[in-house]
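The block underneath contains the structure these notes are about, expressed in structure tokens.
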Amino acid sequence: MSVSLIVGTQWGDEGKGKIVDLLSKDANIVARYQGGANAGHTVIYNGKKIILHLIPTGILNPHTTCIIGNGVVLDPFALLQETETLEKHNVQVSGRLFISNKAHLILPYHKIIEKYSEECSTQSIGTTGRGIGPSYVDKYARCGIRVGEILNFDEFVIRLRKNFEEKVRFIEKIFNKTIDIENTIDEYIEAIKQIKNFTFDTCYFLNQKIKEGKKILIEGAQGTLLDIDHGTYPFVTSSNPTAGGACTGLGVPPNKIDKVIGVSKAYATRVGNGPFPTELKNQFGQQLQSKGYEFGSTTGRPRRCGWLDLVALRYSVMINGIEEIALTKIDVLSDFDEINVCTKYELNGEQTELFPTDLLTLEKVKPIYTSLKGWKKSLAGLKLKKELPKEVLAYINFLEEYISCKVSMLSTGPAREDTIFF
Ligand code: GDP
Ligand code: IMO
Ligand code: MG
């Protein structure tokens, strides 16, 4: 299998970073296809925690080349900051990271527009504040600026100034706020100069490498339920984290993707606003939060926690064509006597196994649970499937049967070695 795609099956933070890091030891290339610095992918690297927001997780493997694809929205400040952090950990970025000339830029006014829009909204999304939505708005309104434009630097600077002036007028008119742009433009130009040498048409590069039979890992950010089309709209991100996004976001055709691996936590979390049918606003939710250390990797906000939602997971398997699941954070369930999994929703007195993505419907559903026995044992240090308590195997069997998909990896802790391959 030379091209594998890793997607989040829930509302993000499933542990994609850990799984990509683990699998990228065998990969020649790791590529991101959507989102931007809203992601927070945590890896334990030489015993230290590193959180990657924009640069593909594969950067931590010295022989891996990393690609930021055309579907990503790129904030040059975030990129430079992350590069600096990595270099402090002796991870070389220069010469190993390439950016699609078709990726759109995040400009400082995108963050300002996002901030004021969230403040003014009666239904705020609870975004990460990284300027993601407004940058994609400009892309689709066909007034965005793409990374490749910096190759014609003088024209780029003229266009940048013009866009800044237009957006400042827009912000003044809509939000009645003034902003000082001169310093911001100069800083932005300085930052962008530094990425000038790392951009080209990565679609040709990737397709050539696929032809050569190189091992490529495609790293999804966010998750299926945050997908702009298939997620819990409008409480979603502004890109397509689902499998189709990998084709458009990298220029890789669907028939070249050999395998789709879905990452799912053994329970559920959500950061930001929006419906969450299995959310637990009681001591069990608190227990999941504290044992799982559920705080956003990008914003530090506490993550809302709840039981695993198999109705939603089966939907994710369908939308993405997932063939195997990497199940993470099973260790977090080790203290529970009983573990619930949602197998149906009740809606207007009827039962359904279909996941409604219409907001008003989703807000009304009530989860119906099947209760499974807990194992009440630490899983630390276990290396083989046969060493697992029978209750863990029963939990996994139940999940596999419900979603008609195999669990191929079980993660029992944040580090690489805390993984059991099935
Ligand atoms: P991502 O956005 O999908 O990459 O996930 P995040 O990095 O935002 O959040 C996952 C969190 O869980 C991180 O702090 C990881 O270090 C941690 N983690 C990953 N797998 C496991 C696991 O199996 N057990 C525990 N306890 N923590 C894990
Ligand atoms: P990773 O890749 C969890 C959420 C935000 C908000 C919504 C929209 O680490 O799994 P945005 O800033 O994208 O416009 O915010 O999406 N969100 C995430 N939640 N993990 C992420 O990424 C997220 N990226 C965005 O909290 O609810
Ligand atoms: Mg995350």
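Things to note:
- Magnitude of the charge dipole, the chain, Cβ model with Lys/Arg +1 and Asp/Glu -1, debye to 20: 640
- Table column - 3J(HN,Hα) (Hz), the range 138-145, Karplus curve with 6.51, -1.76, 1.60, x for Gly and Pro: 5, 4, 6, 7, 6, 10, x, 10
- The range 293-327 and the range 32-55: distance between their alpha carbon centers, rounded to Å: 17
- The alpha-carbon atoms of the chain, seen along their principal axes, cover 66, 50, 38 angstrom, with the largest extent given first.
- In the chain, the longest principal axis of the Cα atoms and the axis of helix 76-88 are about 60 degrees apart.
- When each of Lys102/Lys167; Lys281/Lys366; Lys209/Lys259; Lys48/Lys329; Lys214/Lys259; Lys48/Lys406 is checked by Cα-Cα distance, pairs over 20 Å: Lys102/Lys167; Lys48/Lys406
- If the chain linking Thr85 and Leu151 were pulled fully straight, counting 0.36 nm for each residue of separation and taking away their Cα-Cα distance, it would gain 21.1 nm.
- Derived value for the range 104-193: Kirkwood hydrodynamic radius 13.7 Å. Basis is the mean of 1/r over every pair of different alpha-carbon atoms.
- As a fraction of the 1.4 Å probe accessible area of the range 104-193, surface on carbon and sulfur atoms comes out at 51 percent.
- With the charge dipole of the chain set up from +1 on Lys and Arg Cβ and -1 on Asp and Glu Cβ about the Cα centre, the Cα lying farthest toward the positive end among the listed residues Gln208, Leu382, Tyr33 is that of Leu382.
- Computed E for Ser121/Lys256 - FRET, C-beta separation, R0 45 angstrom, nearest 0.05: 0.65
- Ranked from largest, the principal axis spans of the Cα set of the range 264-421 equal 45, 35, 30 Å.
- Straight Cα distances below 15 angstrom link Lys377 to the aspartates and glutamates Asp331, Asp335, Asp337, Glu338, Glu387, Glu391, with same-chain residues fewer than 8 positions distant left out.
- With the highest mean first, a sort of the peptides 322-333, 181-192, 247-258 on other beta-carbon atoms found within 10 angstrom per residue produces 322-333, 247-258, 181-192.
- Per residue, the chain exposes 43 Å² of accessible surface when a 1.4 Å probe is rolled over the protein heavy atoms with every protein chain present.
- Between helix 202-211 and the chain there is an angle of about 50 degrees, using the helix long axis and the longest principal axis of the Cα atoms.
- Rounded to the nearest 20, the Cβ-based charge dipole of the range 104-193 about its Cα centre (Lys and Arg +1, Asp and Glu -1) stands at 340 debye.
The values are calculated or read from the model by the stated rules, or taken from the named source; none is laboratory data. Owing to the predicted nature of the structure, the values given are computational and were not obtained by experimental measurement. Because the Cβ atoms are built from the backbone with ideal geometry, glycine has one as well, and the counts that use them run over all protein chains shown. The accessibility values were calculated without ligands, DNA or RNA, using every heavy atom of the protein model including side chains. Shrake-Rupley method; radii C 1.70, N 1.55, O 1.52, S 1.80 Å.
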